[in-house]
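The values are calculated or read from the model by the stated rules, or taken from the named source; none is laboratory data. Just so it is clear, the structure is predicted and the values come from calculations on it, not from any experiment. Neighbour counts are summed over all protein chains in view; Cβ atoms, including those assigned to glycine, are modelled from backbone coordinates with ideal geometry. Heads up: the accessible areas ignore ligands, DNA and RNA and are worked out on the full protein's heavy atoms, side chains in. Shrake-Rupley method; radii C 1.70, N 1.55, O 1.52, S 1.80 Å.
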Amino acid sequence: MPGLPDVNSLDPYLVVGIAVALVLVQTALVIGFLVPGGKAAVLTGVLAGLGHVPVLAALAGIVGAAILGAAVGYLLGRRYGDRIFEHRWLTGQRPRIDAARDLLRQRAGFALMAGRSVAVLRATSPALAGASGVPARQFLLWNVAGALVWGSAMVGLGYLGGSSLAGVVGDLPPAVLAGLVVALLLGSLLAVRRRAGRRGASGPDRAAPAGTSATS
C-alpha cells in the first residue's frame, strides 16, 4: 500500500528500542508528558499481537524503561528539589502537581501507583517523591510494583488489540497492518511536536505576573 512504511524491513528490536526510549524519557523528565510514552507502549503491544515484535521483549523493555526512568526522575527530584518544577511548560499543571505532592505526603504508595495512569503524573510523580523526601526503599518498592502493573496493562491491552485486529482484517498482508500501526505512532509524534510548539509559544504569556495583559 503506497505511503505506508513496511515495518517488516525494520528490526523488531529496533521498534522495541524506540518505544523503550520514549517511555524512559517520559518517566525520567518532569516535562516528559509531552512524549507519547503510553501510546508507544500500547502500540508496541499491538505490533506484538500482529506477530512483528516478540511480546516478551516488548513487555520486558517497557517495564524496565518505566522502572529506570522513574528512578532517574526520583534522583533528579532529590538533587534539585522543587526547583525542578519551575519549567514554564508546567505552569498549567500546578494544581495537579500540588495535589500529587499532598497525596505523596499522606499515602506515598498509593500516589505512586495511581500516578502511573496519568501522563502528567507519570512524568512528575517520581521527581515529586524525591523532592518530598520519600525514602528510597519505599520508592523502589512502589516504583517496581507500579511499573509492572502499568507496563503489563499497556502492552497486554495492545497485544489483545493487535490479535483482534489481525483476526478481523486477516485478509490484509501483515506488512500493511503493521504499517497502519506505525502510521498511527508517527501521527502521535507529529501531534506532540505541534503541542510542544504551542506550549513554547504561550509559555511566556502564562508565566507573566498578575496585573499584566497575560491570559490564562
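Please work out which residue is modelled with the lowest pLDDT, limiting yourself to segment 32-54 and to residues that are of a type in the set (A, V, I, L, M) and either open to solvent by 60 Å² or more (accessible area, probe 1.4 Å) or assigned to a loop (DSSP other than H, G, I, E, B) (or both). Write out each step before concluding.
Residues of segment 32-54 that are of a type in the set (A, V, I, L, M), as a first pass: 34-35, 40-43, 46-48, 50, 53.
Pick out the ones that are also either open to solvent by 60 Å² or more (accessible area, probe 1.4 Å) or assigned to a loop (DSSP other than H, G, I, E, B) (or both) and you get 35, 50, 53.
Numbers: 35: 90, 50: 82, 53: 90.
The selected residue is 50.
Among the candidates 35, 53, which residue alone is in contact with a helix residue (DSSP H, G or I) (Cβ under 9 Å, 6 or more places away or on another chain) and without any contact (Cβ under 8 Å) to a residue 60 or more places away in the chain? Outline the logic, then answer.
On the way: 35 fails: without any contact (Cβ under 8 Å) to a residue 60 or more places away in the chain.
Residue meeting the stated conditions: 53.
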Taking segment 79-108 as the region of interest, how many residues are modelled with pLDDT under 85 and among the β-branched types (Val, Ile, Thr)?
1
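Of the residues in segment 69-98, how many are open to solvent by 30 Å² or more (accessible area, probe 1.4 Å), over 14 Å from residue 130 (Cα atoms) and part of a helix (DSSP H, G or I)? Before you say what the answer is, go through the steps one by one.
Going through segment 69-98, the residues open to solvent by 30 Å² or more (accessible area, probe 1.4 Å) turn out to be 71-72, 75-76, 78-80, 82-84, 86-89, 91-92, 94-96, 98.
Next, from what is left, pick out any that are over 14 Å from residue 130 (Cα atoms): 86-89, 91-92, 94-96, 98.
Checking which are part of a helix (DSSP H, G or I) leaves us with 88-89, 91-92, 94-96, 98.
Total satisfying the criteria: 8.
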Collect the residues in segment 110-124 that are among the hydroxyl-bearing types (Ser, Thr, Tyr) and open to solvent by 10 Å² or more (accessible area, probe 1.4 Å), keeping them in residue-number order.
117
Somewhere in segment 191-200, is a residue within 20 Å of the chain's Cα centre (by Cα) and at pLDDT 90 or above?
no
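Output yes when any residue across segment 21-31 is surrounded by fewer than 22 Cβ atoms within 10 Å (Cβ to Cβ), at pLDDT 90 or above, under 14 Å from the mean Cα position of the chain (by Cα) and in a loop (DSSP other than H, G, I, E, B), and no when none is.
First, pick out the residues of segment 21-31 that are surrounded by fewer than 22 Cβ atoms within 10 Å (Cβ to Cβ): 21, 25, 29, 31.
Right, trim to at pLDDT 90 or above and you get 21, 25, 29.
Right, trim to under 14 Å from the mean Cα position of the chain (by Cα) and you get 21, 25, 29.
Right, trim to in a loop (DSSP other than H, G, I, E, B) and you get 29.
For segment 21-31, residues surrounded by fewer than 22 Cβ atoms within 10 Å (Cβ to Cβ), at pLDDT 90 or above, under 14 Å from the mean Cα position of the chain (by Cα) and in a loop (DSSP other than H, G, I, E, B): present.
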